[in-house]
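As structure tokens, the structure follows; a few thoughts come after it.
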């Protein structure tokens, strides 16, 4: 029997007040890989992200993680990084408080161990130790994004979902964060799901792309295949909208 | 129209709630009009009981409330045990006196505050504005009570103004009342001015700073027209609410001043009723003044609705 | 002057004023009820006898006005403070509950608040005071005043705090914390309540002076603290002997004493409202 895929989603649907946001979403994802979901706004990408990360309960369908059905106890394994890093961090909290908050909430660790962990986390995302006591509002957009990632790593998750995490960052900062994510993926074997309305933003990281429209996946293929043989008109439109997409540095 | 109807209904419900609350509260109060009598050893308990039954104080609460509502709707506000007369006639004389006082004061206060506030807003940062702000701030810190007492002191000393009452015996009617009005009105106006001017100034300043005003000025519209045709209406909204609120407090703003300066309005009447535990009067006055408040806010809501198209969108 | 220095200055001055009345016991030359019947209405700084000096003169019963001013200030200022604390505590609790939990609790509290607000304030205070026993001890009177004044004024703070809580609970970091499994209590304590601090402080600077004046009014009318315990209110009531007031002008001292207190709170309020950090 072939090994179970890392993440397996079958027939996932979610409706709000009778109106479906996602319908019958089905896909698999292998460990250490990156899947990008792209599509116009309203296509259900964010809803999907929230269903996968315990923020919404699906109306129907199943989610399997590492061969087990997804339960609340597995919350720590999947972490969502929000759309706007600025608002998902309390501006008055210090960097140390932010990155250790998930542990504090779960009453894990003592003050000393948490401080150590905080500086490790900051180091992991490339922020200086001195920044530990700096309040979040003094950080730039890119730095806040890194703080958000550090916070997400606090509970040592296996799957990271990044929802529009590159929007609003200028290109050089985007590149930095992308490099960080690639690095982390190599070092820690993390699996990523990226959500974006813009294909270019996820291109470097995503080995596979799933195109969504009106709540359903209309095309799902590896990056190279998508570029060479796009099937769905929406896919073609998205490809056309992006300026330069190369296949450099593509994961397998 | 529907909005107005809704607000009216809301106001009515509010009043009903207020009346029920006050009525229930009065019921919870220990002691009633006859408490003193009861403590008096010379009066037999049976007499007290009979007096209570006579004045209907021994019926159960909901019945008394229903009876009270019914009589209010007929225009009968109950019977004052202290004055031994129906409350209604007692009230109207007092209400008129209070309204005369507060009406005059409110009118004068707005009359002064509007131009002063507008001028302050347009002359922001200048010497005149700063002086005005300092003086008004200081005025805000002086308690009305103190002003009233000082004015009375001066009146007694100089004899220029009467020191109480609404009329002097054997004097010409209007002039006489005006003479008696002068001091209490002055105190009230001084008390109202600081906050009013602040609000007017703030509203005008906000409008003056807005992009809309700046572009109007850039178009070269002459100053007067700019002020009155364009800017004032824009500043009107918060001021309308304030005006409604001013109207709403017409009956209640002067309680302390009336008592101190001897103006025969609702204030002293209310106070006496409280001391005498004359609940019919207390209840009637509370409901009446609450009605004014509710009506004032309602008026402000309706005016805003008519004037501000944004609210109609909601 | 920067905003911070203004706030600091106002607070220091407040501290001094309150220090005066808190240490009334030490600073007052005479007990507040001690009468010197042989020296009624002495002017200030008069030395009627060796070692008997009245800094602000005496009243009708020969009681030292300065000492009574200090003791009276204690009553008036602290009634204001405590009542404001009560209103704010109630407003914070109810406003947070209404804003956070919403639903019927919110509607109930807001409707109830509307009812309370529909009654004119001073009338309400008097009526509530009236509906309680007229003759009570001073200590009872003090706490009763605090309870009434403070208990009636929770509505506006509650509304403002509710507004803050409503917008706060939708903020990203609150949702994120929820995602980490935070309980409601944690969210309120760590994220939401700190955001209400601004409103609480500005409301305090508005309510405290209002409540001091309320105590003065109630005691002036005879419904608050009663003789012989002084309060600035009942001391002013004594000043109502108009035919002689010009000669006995020092009787106005309690009224005049209120002015710097109110000015200070006014300056504090203005400074807090300025844009700053």
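Below are the figures for this structure:
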{"item": "Any hit, segment C:101-110, residues being free of Cβ contacts under 8 Å to residues at least 40 places away in the same chain, closer than 30 Å to residue B:284 by Cα and within 14 Å of another protein chain (Cβ to nearest Cβ)", "result": "yes"}
{"item": "Out of B:289, B:246, B:254, sole residue that is within 14 Å of chain C (Cβ to nearest Cβ), at pLDDT 80 or above, crowded, with 24+ Cβ neighbours inside 10 Å and farther than 24 Å from residue B:78 by Cα", "result": "B:254"}
{"item": "Qualifying residue in segment C:173-185 (condition: more than 14 Å from chain A (Cβ to nearest Cβ) and either touching a strand residue (DSSP E or B) at 6+ places or on another chain (Cβ under 6 Å) or surrounded by fewer than 21 Cβ atoms within 10 Å (Cβ to Cβ) (or both))", "result": "no"}
{"item": "Residue in segment A:33-44 that is under 26 Å from residue A:197 (Cα atoms), part of a loop (DSSP other than H, G, I, E, B), within 13 Å of chain C (Cβ to nearest Cβ) and in contact with a strand residue (DSSP E or B) (Cβ under 9 Å, 6 or more places away or on another chain) present", "result": "no"}
{"item": "Residue B:133 outside any helix (DSSP H, G or I), touching a helix residue (DSSP H, G or I) at 6+ places or on another chain (Cβ under 8 Å) and over 19 Å from residue B:247 (Cβ atoms)", "result": "no"}
{"item": "Residue C:216 vs. criteria within 11 Å of chain B (Cβ to nearest Cβ) and within 30 Å of residue C:159 (Cα to Cα)", "result": "yes"}
{"item": "Among residues of segment A:117-145, those that are part of a helix (DSSP H, G or I), touching a helix residue (DSSP H, G or I) at 6+ places or on another chain (Cβ under 8 Å) and touching a residue at least 24 places away in the same chain (Cβ under 8 Å), counted", "result": "12"}
{"item": "Matching helices (runs of 4 or more DSSP H) fully within segment A:147-252 where at least 1 residues are free of Cβ contacts under 8 Å to residues at least 40 places away in the same chain, over 14 Å from the mean Cα position of the chain (by Cα) and exposed (fewer than 14 other Cβ atoms within 10 Å of the Cβ)", "result": "A:171-188, A:223-228, A:233-241"}
{"item": "Meets criteria (surrounded by 17 or more Cβ atoms within 10 Å (Cβ to Cβ), under 16 Å from residue A:149 (Cβ atoms) and within 11 Å of chain C (Cβ to nearest Cβ)) for residue A:104", "result": "no"}
{"item": "Residue match in segment A:70-78 (condition: under 26 Å from residue C:170 (Cβ atoms) and buried (at least 19 other Cβ atoms within 10 Å of the Cβ))", "result": "yes"}
{"item": "Search result, residues across segment B:124-142 that are surrounded by 14 or more Cβ atoms within 10 Å (Cβ to Cβ) and without any contact (Cβ under 8 Å) to a residue 60 or more places away in the chain", "result": "B:129, B:133, B:137, B:138, B:139, B:140, B:141, B:142"}
{"item": "Qualifying positions in segment B:143-152 - facing another protein chain (nearest Cβ under 7 Å) and in contact (Cβ under 8 Å) with a residue 40 or more places away in the chain", "result": "B:145, B:149, B:152"}
{"item": "Residues located in segment B:265-285, provided they are part of a helix (DSSP H, G or I), at the interface with another protein chain (Cβ under 10 Å from one of its Cβ atoms), surrounded by 20 or more Cβ atoms within 10 Å (Cβ to Cβ) and at pLDDT below 85", "result": "B:274, B:279, B:282, B:283"}
{"item": "Scope segment C:222-246; condition surrounded by fewer than 22 Cβ atoms within 10 Å (Cβ to Cβ), at negative phi and at the interface with chain B (Cβ under 10 Å from one of its Cβ atoms); matching residues", "result": "C:237, C:240, C:241, C:242, C:243, C:244, C:245, C:246"}
{"item": "Residue pairs meeting the criteria (Cβ under 8 Å; at least 6 apart or on separate chains; first at positive phi, in segment B:257-285; second modelled with pLDDT of 85 or more)", "result": "B:262/B:268"}
{"item": "Condition check for residue A:97: touching a helix residue (DSSP H, G or I) at 6+ places or on another chain (Cβ under 9 Å), within 10 Å of chain C (Cβ to nearest Cβ), under 22 Å from residue C:191 (Cβ atoms) and outside any loop (DSSP other than H, G, I, E, B)", "result": "yes"}
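Table: residues versus (1) at the interface with chain C (Cβ under 9 Å from one of its Cβ atoms); (2) touching a strand residue (DSSP E or B) at 6+ places or on another chain (Cβ under 6 Å); (3) within 22 Å of residue A:183 (Cα to Cα).
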| residue | (1), (2), (3) |
| --- | --- |
| A:78 | no, yes, yes |
| A:89 | yes, no, no |
| A:116 | no, no, yes |
| A:121 | no, no, yes |
| A:128 | no, no, yes |
| A:135 | no, yes, no |
| A:142 | no, no, yes |
| A:147 | no, no, yes |
| A:161 | no, yes, yes |
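Here's the yes/no breakdown for (1) touching a residue at least 12 places away in the same chain (Cβ under 8 Å); (2) more than 14 Å from chain B (Cβ to nearest Cβ); (3) under 18 Å from the mean Cα position of the chain (by Cα):
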{"site": "C:79", "(1), (2), (3)": "yes, yes, yes"}
{"site": "C:86", "(1), (2), (3)": "yes, yes, yes"}
{"site": "C:90", "(1), (2), (3)": "yes, yes, yes"}
{"site": "C:96", "(1), (2), (3)": "yes, yes, no"}
{"site": "C:115", "(1), (2), (3)": "no, no, no"}
{"site": "C:118", "(1), (2), (3)": "no, no, no"}
{"site": "C:121", "(1), (2), (3)": "yes, no, yes"}
{"site": "C:135", "(1), (2), (3)": "no, no, no"}
{"site": "C:138", "(1), (2), (3)": "yes, yes, yes"}
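The values are calculated or read from the model by the stated rules, or taken from the named source; none is laboratory data. Fair warning: this is a prediction, and the values are worked out from it, not measured in the lab. For neighbour counting, all protein chains shown are included, and Cβ atoms are generated from backbone atoms with ideal geometry for every residue, glycine included.
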